[in-house]
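The values are calculated or read from the model by the stated rules, or taken from the named source; none is laboratory data. Bear in mind that the values here come from a model prediction, so they are computed numbers and not experimental data. Here the Cβ positions follow ideal geometry from the backbone for every residue, glycine too, while neighbour counts run over all protein chains shown. Accessible surface areas use protein heavy atoms only, side chains included; no ligands, DNA or RNA. Shrake-Rupley method; radii C 1.70, N 1.55, O 1.52, S 1.80 Å.
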Amino acid sequence: MASSIWQSFRQDTRLALRKAVEPKVLEQAQQALGHPLPPSLLDIYQQHDGQHPAGRPLFLDEYRWLSMQEALREWQVWQTTMAQPDMADMRHTHESCGAPDAPVRMDWWNEHWWPLAASALGDLLCLDGQPASGGHLHQIIAVSSAHEARECIAGSLTSLFDHAAADLAGDTSDGPG
């Protein structure tokens, strides 16, 4: 990610960025997940460990960037919820979550989705580690417990962060595509 983007984020104190993540926290997250997180995500967290809870939302005017520990807790909550017997029918390929030819899997939750940001309502932006056949590895998807549809909102971490930087600069002409 370009240093100019980080510079613009750091200049806006309303974002309330945290210091870089500690290596032991990265290790804990990857151990819990059961596989390594992508290098692009690790690079971002080595710049800043998300935002403090009081920070102005960084993404799409409503999503606050989660710290690595917050992201891990969110992931664990979804994992625990999906392990409940009454969720068996919702685990994978749930027709209410999308279309078979969509870029995002038709899952209520997928263990390869990594929470990146959260809205005040609890909706998530996740890094997609297991996209559908029409999607791209590490695309950014919207996940909500209140809405069934899952959609791709950015093609990559870079495009999501680029769009956030453009928003800070006052350029809101394009979405994070």
For every other residue with a beta carbon closer than 11 angstrom to the beta carbon of Ala142, add +1 if it is Lys or Arg and -1 if Asp or Glu, then tell me the sum.
-3
Output needed for the chain: three equivalent-ellipsoid semi-axes, defined as square roots of 5 times the C-alpha gyration tensor eigenvalues, in descending order, whole Å.
26, 19, 14
Want the number for Leu42 to Ser4: 0.36 nm per residue separation, take away the alpha-carbon distance, what's left?
11.8 nm
Might you work out the accessible area of Met82 for me, using a 1.4 Å probe with all protein chains in place, and round it to the nearest 10 Å²?
10 Å²
Exposure rule at most 14 other beta-carbon atoms within 10 Å, DSSP loop GluC sites (Glu not before Pro): the chain longest free segment
63-147
FRET efficiency for Arg14 and Thr81 from the Cβ-Cβ distance with R0 = 45 Å, rounded to 0.05, comes out at 0.90
Accessible area per residue, 1.4 Å probe, Å², for the chain: what's the number?
50 Å²
Accessible surface of the chain, 1.4 Å probe, proportion on carbon and sulfur as whole %
50 percent
Quick one: Cα centre-to-centre distance for the stretch 12-88 and the stretch 106-156, in angstrom?
13 Å
Taking Lys and Arg as +1 and Asp and Glu as -1, residues besides Gly50 with C-beta under 9 Å from its C-beta add up to 0
Helix-derived mean residue ellipticity, 222 nm - over the chain, DSSP H n ≥ 4, -39500 (n - 2.57), to 500
-9000 deg cm²/dmol
Additional length obtainable on full extension of the chain from Val25 to Asp123, 0.36 nm per residue less Cα span
32.9 nm
